[in-house]
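Down below is the structure, laid out as structure tokens.
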Amino acid sequence: MFVLLILSLLSLLIWMIICCLPSQGYRFREVFSIDNTISTENLPMVSIVIPARNEEAVLRETLPSLLEQEYANCEIFLVNDQSTDNTKLVAESLQQESKNGKRLQIIDSKPLEKGWAGKMWALHQGIQHTKGEWILLTDADLQYAPNLLKSIVHTATNSSYSMFSLMARLKTNIFWEKLLIPAFLYFFKMMYPFQKVQDKSSSVAAAAGGCIFIKRKTLEEIGGIKAIQGALIDDISLAKVVKHAGNEICLMDGSDLYSMRGYENLSGIWNMVVRSAFTELKYSYVRLLACILIMLFMFTIPIVNLILPFVFWSDWTLYIALSSALTYGLIVWTYIPTIRYFKLSSIYFFALPFAAQLYLCMTIDSAIRYSLGTKASWKGREYQK
């Protein structure tokens, strides 16, 4: 019991330290907002590249949002990445329907070359057609609010940043999305505090792959997309290459940028996470063990210790439960901003430890699949890890 009490107090101490950290990654201080008063008169030409593989289900909700942006000095390249559905037909239909259809060019991707990840190969081909001073790399499932593009361009071009990225607001419709998607963002922000990403003196580098706005000159200086051609976690990889080359980067929450891709069940989210979870740990079993111990120590022990007095009553279990209750309170405190950002019921304030257990299981599953030689799979393609 004494050991459990020590563990409980250590867990409480760690959460107290997290709450006092200057970066406070769990807070939403870096939220991008649209400025509707901006004029596009002196803003540079922008090239937009959209890799699209089997995106028929979302294109009608997303592509028009880019075509109708109030930004005449832009060109849009949609790269049809060997789609097996009606992605190209839908894109062509939207092109004809839009008054700004001339902005859009639809490119058929060449067969995937060895050593390239599918998305990187599509981006590489699209970029070769661009002429803009700045390039927006964006996913086909993202819907842009009116005037968002010119706000991004104005902010980036009037700063010292060479790369500017927005984290899209993800769907939280079904129960599993409400349980896991906010936790996904929470863990991401804790691992890569946005304040640290923006700090040029910090080595922390991250981006959101769905929306990356980068200077052409910067992209060319690092060797283009080829510099990360095989990356499965392309956004983090690109951010690291760009920042470590001496450039300043920025990552913010994009409350006016929406992902239209939803998940029908737990399996969909599970496979999305498993695809790259062990990659995030650099395929290291030592890091996996450390991850397991940290997650158990920070999220499992406090919950288990809370129920100890109901199983075995003593002064020791009472003290253990009290310290764990305080720990749980701090966990909830750090999670409240995330749940409020997603505008979910307050019941989800208490959900983080349970989501953490599922993410831990997904990470272990990812490692098991890797050890068994199972290839990473995404949209019908398999990649050797």
**OP:** Provide C250, C20, C211 in ascending order of the number of other Cβ atoms located within 10 Å of each residue's Cβ, fewest first.
**Re:** C20, C250, C211
Subject >> Most positive-pole-ward Cα, L251, L322, N147, against dipole of the chain from beta carbon charges >> reply: L322
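Please state the relative contact order of segment 71-188 as a whole percent: Cα pairs under 8 Å, 6+ residues apart? List each step's numbers first, then the result.
Numbers: 72 pairs, mean separation 27.4, N = 118.
Here the relative contact order equals 23 percent.
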Subject >> Alpha-carbon spread of the chain, three principal axes, descending order, Å >> reply: 75, 48, 39
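With a 10 Å Cβ neighbour count serving as the proxy for reagent exposure, in which order, fewest first, do S237, S345 appear?
Values: S237 20, S345 9.
The most exposed by this proxy come first: S345, S237.
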Original post:
Between segment 1-66 and segment 234-288, what is the C-alpha centre distance in whole Å?
Top reply: 11 Å
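Using a simple charge model, +1 on the beta-carbon of Lys and Arg, -1 on the beta-carbon of Asp and Glu, nothing else, what dipole does the chain show about its Cα centre, in debye to the nearest 20?
Values: 36 positive and 32 negative charges, 127 e Å.
Computed about the Cα centre, the dipole is about 600 debye.
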Original post:
Using +1 on the beta carbon of Lys and Arg, -1 on that of Asp and Glu, and nothing else charged, what's the dipole of segment 241-385 about the Cα centre, debye to 20?
Top reply: 540 debye
Subject >> Which of L179, A122, T218, positive extreme of dipole for segment 31-265 (C-beta unit charges) >> reply: T218
Original post:
Here are some pairs, K119/K282; K217/K282; K189/K226; K99/K217; which of them have Cα atoms lying more than 22 Å apart in this structure?
Top reply: K217/K282; K189/K226; K99/K217
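Cα gyration tensor of segment 28-133, axes a ≥ b ≥ c as square roots of the eigenvalues: rounded (a/c below 1.5), prolate (a/b > b/c) or oblate? Working shown, then result.
Working: a/c = 1.71, a/b = 1.47, b/c = 1.16.
Prolate, because a/c is 1.5 or more and a/b exceeds b/c.
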**OP:** Report, in order of residue number, the helices in the chain meeting two criteria: a C-alpha extent of 30 Å or more along the helix axis, and a mean Kyte-Doolittle hydropathy of at least -0.5; treat each whole DSSP H run as one helix.
**Re:** 315-341
**OP:** Based on other C-beta atoms within 10 Å, arrange K282, K88, K226 from fewest to most.
**Re:** K282, K226, K88
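Can you give me the relative contact order of the chain as a percent, contacts being Cα pairs under 8 Å and 6 or more apart? Kindly include the intermediate steps, with their values, before the conclusion.
Numbers: 657 pairs, mean separation 85.4, N = 385.
Dividing the mean separation by the residue count of the chain yields 22 percent.
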**OP:** Could you pull out the pairs from K110/K215; K150/K200; K110/K131; K110/K196 whose alpha carbons sit more than 29 Å apart here?
**Re:** K110/K196
Original post:
What number, in percent, do you get for the relative contact order of segment 214-323 if the mean sequence gap of Cα pairs under 8 Å and at least 6 apart is divided by its residue count?
Top reply: 15 percent
Subject >> Global form of segment 75-129, assessed from the alpha-carbon gyration tensor, a/c cut-off 1.5 >> reply: oblate
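Any read-out appearing in this document is the output of simple, stated calculations on the displayed coordinates, not a laboratory observation. Because the structure is a prediction, the values reported are computed rather than measured. Neighbour counts are summed over all protein chains in view; Cβ atoms, including those assigned to glycine, are modelled from backbone coordinates with ideal geometry.
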